[in-house]
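The values are calculated or read from the model by the stated rules, or taken from the named source; none is laboratory data. None of the values given here were measured: they were computed from a predicted structure. Cβ placement follows ideal geometry from the backbone for every residue including glycine, while neighbour counts extend to all protein chains displayed.
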Amino acid sequence: MADQKPTDLEKNSLEAHVDLCALRYKNLDDRLTNIEGKVQKIHEEVSNGNKAMIKVLVGAAGTIIAGLLSTIIVVLINF
């Protein structure tokens, strides 16, 4: 965003300065609100991704444990 320097009209008129400041602050507030929404969306996507990753890890761990147990049982039965 370009550095907004006061105009000659703004320097000479308090009313013009106040109006321009109000527009600038509104623009700034709108942009910050937009950024907050995007950050919230990213947060939700990361949280959902973490939950999915935990499910995958638990499933993989369960599969490995079941495989090891079956191997141990087969070895014990044939021993």
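Condition check: surrounded by fewer than 10 Cβ atoms within 10 Å (Cβ to Cβ) and free of Cβ contacts under 8 Å to residues at least 40 places away in the same chain. Does residue 15 satisfy that?
Taking the combined requirement at face value, the residue satisfies it.
Within region 1-12, if we keep just the residues that are of a type in the set (Asp, Glu) and loosely packed, with under 10 Cβ neighbours inside 10 Å, the residue that is modelled with the lowest pLDDT turns out to be 3. Considering only residues that are of a type in the set (Lys, Arg) and assigned to a helix (DSSP H, G or I), look in region 1-58 and name the one that is farthest from the chain's Cα centre (by Cα). It comes out as 11.
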